[in-house]
Each structure stands twice: as structure tokens, then as C-alpha cells.
Amino acid sequence: MELQKNGCNVNEYSAGYGELPDLSKTANGDHDTLFTFNGTTSGVRLPRSDPCGWIKSDRKALTFCDATSAAFAMDMPWDKLDVTTYSWQKVLGGEGGHGILILSPRAVERLETLGQVPGRPLPKIFRMLKKGKLDEALFTGATINTPSMLAVEDYIGALKWADSIGGVPALIARAEANLNVVKTFVSGNDWIDFLAKDEDTISSTSVCLTLDLSSDEIKAFTTLLEKEGAALDIGGYRDAPPSIRIWCGSTVETADVEALMPWLEYAYNAVKN
């Protein structure tokens, strides 16, 4: 679908919950591409086998990636990512309201060659150039508005913990181990399945599942789990098909996911029967 936004032609490619759009349609390396690495509300990620194979290495344009629930839990092909953002609050469980911006050398070049000051007031937080060059102080600890130092220390602690267990590879392995617990359970029960239709795109952090239950029965299912103290806020996203959502990110202990599985069966049988 082609849209007009701010005087620019924008091609939008979308798909329903549980699916990815046809990524090959974005193969024009002259057009900037904006995409999400992992759909937190849909449980669908870029293909595990080759996440960014659809992005040209010799592209002239930039890629903009929302990696909110992917960074630190999925293998990120950084050579294909030019502008990447993610939130502290997701995979490492930090404070909400804080985010990270990662720029590739190509993105910096774009800023310095085409980043003219717009003909309108620009909030200070968005001013990334100083005398025509990237203001590197923004990436070395300079602050615009003073953030909570407790939140900063909390995130530093999370990063130190991540480093102590083996860094990103260990974090990815933890999330995958959690997903595998759910996969084993799903394979043994015909009343539950992944919302993602292609196994290669099943998220290892925000795991979304459909049940052989009506919408009202799923509400009863999640209410029962909460009443028993077995799972909180496990209902699917409000605009998604009737479903549940289990957070399996890197800070979650695999033993806790294992302990949850019998509760899912208990709640299903209680509601269905």
C-alpha cells in the first residue's frame, strides 16, 4: 500500500497477527526501510534462520529497526542495521521510559551530510549535530534532562549481570531455552498452539499462544491463573486474536517456565470442563 506522508511516498507492507509481510518487497536499496525485529504483541520475529537476508549489503539507503523486545535476546545482524532503538525495560528488565539509540557509521554520515537544521524549532533531545558534526557527547554520558541515577545504576547492574553469565550469547541461550520449554508443551497438547504460523518466526521473548477456548473462556483461564498466583498479566494483546502471552526473555529462569506449564493444563481443564 502506497501512502502520502509529509509529502513523501511511503510504501507500507503489513500482515495479520502471526505472520510477517512479504519482506522481499522492501529490497529496493535506495529507499529507507523501517521495521520491527520482534513483534511484542504478536509473538512473531524476523526469521531466525536469516533475520535480515532481505536487506541489501550494498544499499544506499538506511535501515531503521525497532529492537525493543529483541536486543540481548536475539542474534542481531548489526551490519544490516543502521538506526536501532530498544527500551531498557524489556529483555534486561530495566526501568521503563528509558531507551537506547545505536547509530551505524552510515547513519552518522547521513546526519552529517543531510542533517540540515529544519526550518522549525527542534526539541533539544533531537538535536544530534553540533557545528555540522555528530555531537558525540550524547553517546558518552552527557545528559540533556537529568535521568534518574537509580535507574541508570539499575541498568548498569543488569549489564554487569549479563556480562557475568557469558554476555549476549548466554542471554540468547536463556531465552531460547525458555521457548523450548513452551515448544515441548505445545507439541504434547493439541488444544494449544503458537500464534506465529511459521516456526522460523516464533519469538523467544514474547511468546504468544492460541487456545482451543473462546474469548470469554480465555478471560476465565487467565483470571484463574492470576487467582492461583501462577501467572499475572498473561492475557494476549487487546487487539490480537484471543490468545495468551508468556514473557520468556533472558531474565526469566527456565525452571519458572517449566513450573508454569502444568498450571496452563490445569486452567484449561478447569475452564473447558
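The values are calculated or read from the model by the stated rules, or taken from the named source; none is laboratory data. What you are looking at is a predicted structure, and each value in this text was computed from that prediction instead of being measured. Quick reminder, even Gly has a Cβ in these numbers, built from the backbone with ideal geometry, and neighbours come from all protein chains shown.
The listed residues are 53, 43, and the only one of them that is modelled with pLDDT of 90 or more, closer than 25 Å to residue 240 by Cβ and of a type outside the set (Phe, Trp, Tyr) turns out to be 43.
Of the candidates 162, 177, the single residue that is within 19 Å of residue 96 (Cβ to Cβ), touching a helix residue (DSSP H, G or I) at 6+ places or on another chain (Cβ under 7 Å) and modelled with pLDDT of 95 or more is 162.
Among the residues that make up the range 197-207, is at least one of them out of contact with any Lys or Arg (no Cβ under 9 Å at 6 or more places or on another chain) and either in contact (Cβ under 8 Å) with a residue 12 or more places away in the chain or of a type in the set (S, T, N, Q) (or both)? Taking every residue of the range 197-207 in turn, at least one turns out to be out of contact with any Lys or Arg (no Cβ under 9 Å at 6 or more places or on another chain) and either in contact (Cβ under 8 Å) with a residue 12 or more places away in the chain or of a type in the set (S, T, N, Q) (or both). The set of residues in the range 242-273 being closer than 26 Å to residue 159 by Cα, touching a residue at least 24 places away in the same chain (Cβ under 8 Å) and over 19 Å from the mean Cα position of the chain (by Cα) consists of 254, 257, 258.
Remark: pairs (first residue in the range 11-24, without any contact (Cβ under 8 Å) to a residue 40 or more places away in the chain; second residue in a helix (DSSP H, G or I) and loosely packed, with under 14 Cβ neighbours inside 10 Å; Cβ separation under 8 Å; 6+ apart in sequence or on different chains) = 11/25; 13/25.
Across the range 139-178, the number of residues qualifying as farther than 21 Å from residue 89 by Cβ, of a type outside the set (Ser, Thr, Tyr) and free of Cβ contacts under 8 Å to residues at least 12 places away in the same chain comes to 4.
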